[in-house]
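Report on the structure given below.
All of the numbers you see were taken from the coordinates with simple rules; none came from a lab. Values in this document were obtained by computation on a predicted structure and should not be read as measured data. Here the Cβ is made from the backbone with ideal geometry for all residues, glycine too, and neighbour counts use every protein chain on show.
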Amino acid sequence: MLDLESIRLEEEGKKVVYRFSCDKSISRYFSKEKTLWVDYDTDVSAVPESLLIIPFLANVLPVSWFLGFDVRVREIDREYHRAIEKIKQIFEQHYSLKGGNLHCKNIIANKVDGSRPVVLFSGGVDSHYSFTGHEAENPLLVTIHGADIRVADNRQFRVLQSAIEQSALVRGQERHLVKSNMRDFYTYRLNLLFDDLDWWGRVQHGLAITGLMAPLSWTHRVARIYIASSTTSETDAFWGSTPLVDNEIKWAGTSVVHDGYEADRAEKVGALVRYAQERNAGLPLKVCYSSRTPALNCSRCDKCCRTILLLILAGADPSRFGFRTSERIYDDALANLSNGYSSQLIQYVWNIVLQQIKEGGRPFIFKDEAAEREKLAAVARAIGANNNRTFTKLSAARKFRYKMQLKYPAAFNRIASLYRSLGPE
Ligand SMILES: [Zn+2]
């Protein structure tokens, strides 16, 4: 059993602190403090408890399903209560859950009566695409610190924030920041439930990110919340954020929309390039979460390379979109490709690049058209050759690192910070 002991409001009603207690048998899955907190830039003290509780439930209930313990709280919104039961059933169809029931005394009917939407805005390709699609609805843009960028990583979040502030495209839009320890209130033992060690990606992120919006939906009368899709119907992998799950999330008349599922990454990049060109503006995209770079993007990793190539193939200069690169990009891409694909999803996104190369068009040229077209052909060949290789497994070294982190967190953190201080790998 896990009991919510208290919900405390701190910092003039802007910070919500959830304290809980739990049985000894599950205690090791949660950090010592047994505290989840969410920091808003808005006073949320007038939000009814049955809605204020949603960020907590959105993060804790999935854990209870996977580990099979019950959760006890005092109040819950009626619509969310129904929704979360349905979502549990959807998860049950894809994962083997161990049970986990929710007990609450009071089920309360709330009504937000909202008018404006929220676009969850991480600054990447998907959320920029969502913003451009819903700009006419005058959305609130909400950026979360503690999701893709970990809560302890202030440097990377500051870089993202200043990129958003400088972006001509979102100037004048109402923006909000939300910060939470939602990836740090549990231990690495949850990651060990999956072969790829990815609790956040496989289970937590869609429910958690959207759930954080419940108090804001009350204070700002939000009608719907757009969470940008990062996949399409062509990828059949079940993930922590899919239309199947996200479109079921609702409370008090506010609903969640899994947005942009119809467009693949090349279509999204193409639309953003046209959007920026029409306004004669650059568009600082944040796609990379490498902690090794002080820049907006490292411009060299697998994800950066794929995005840069799609920009080039859409005829755009990557330096106008938040990347620092040159004709060197082709060698970086080939180096990444030489490692093979780690998953079906990575294979799928590289093949979107291949499709764009095959379609031809007029790529952006850095210096030498003939040489760069030859390099593009080499990238196409490498993508094609990788399609015949089996997926590379998560290395034993990485798994070992996770286990060490689990057993000796203090020593591990000291070693990790020593590595970081030695500079980029
Ligand atoms: Zn990168």
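Miscellaneous remarks
- Taking packing as the residue-averaged number of other Cβ atoms within 10 angstrom, the listed peptides 357-370, 108-121 run from highest to lowest as 108-121, 357-370.
- Selection from Gly201, Pro215, Leu140, by position along the positive dipole direction of the chain (Cβ): Gly201
- Placing +1 on each Lys and Arg Cβ and -1 on each Asp and Glu Cβ, with no other charges, gives the chain a dipole about its Cα centre of roughly 1240 debye.
- Whether segment 3-101 is rounded, prolate or oblate, judged on the alpha carbon gyration tensor where a/c under 1.5 counts as rounded: oblate
- Cα pair distances in segment 138-205, grouped into 5 Å bins until the bin that holds the longest one, percent each: 3, 15, 21, 19, 16, 12, 8, 5, 1
- Within the chain, helix-based [θ] at 222 nm, where runs of 4 or more DSSP H residues each add -39,500 (n - 2.57), nearest 500: -12000 deg cm²/dmol
- Label-point separation in nm, Asp317 to Thr42, each point 7 Å along Cα→Cβ: 3.9 nm
- Each of Arg265, Arg175 was scored by other Cβ atoms within 10 Å of its Cβ. Arranged with the fewest first, they read Arg175, Arg265.
- Taking only the Cα atoms of the chain, the ratio Rg/Rh comes out at 0.97, with Rh defined as the Kirkwood radius.
- Scaled against 2.2 N^0.38 Å for its residue count N, the alpha carbon radius of gyration of segment 115-169 is 1.17.
- Rounded, prolate or oblate (a/c below 1.5 giving rounded, otherwise prolate when a/b exceeds b/c) for segment 274-314 by Cα gyration tensor: oblate
- For the chain, the longest principal axis of the C-alpha atoms and the axis of helix 302-313 are separated by about 50°.
- Residue exposure proxy: Asp70, Asp195, Asp264, ordered by other Cβ atoms within 10 angstrom of their Cβ from fewest to most, comes out as Asp195, Asp70, Asp264.
- Applying 1/(1 + (r/R0)^6) with r as the Cβ-Cβ distance of Lys358 and Phe194 and R0 = 35 angstrom yields a FRET efficiency of 0.50.
- Straight-line cross-link partners of Lys367 among the aspartates and glutamates, defined as a Cα under 19 Å from its Cα and at least 8 positions apart when in the same chain: Asp317, Glu327, Asp331, Asp332.
- Length released on extending from His94 to Asn154, taking residue separation times 0.36 nm less the Cα-Cα span: 18.1 nm
- For segment 111-262, the pair-distance distribution built from all alpha carbon pairs, in bins 5 Å wide starting at 0, is 2, 9, 18, 21, 22, 16, 9, 3, 1 percent.
- Shape call, segment 196-277: gyration tensor on alpha carbons, a/c limit 1.5: oblate
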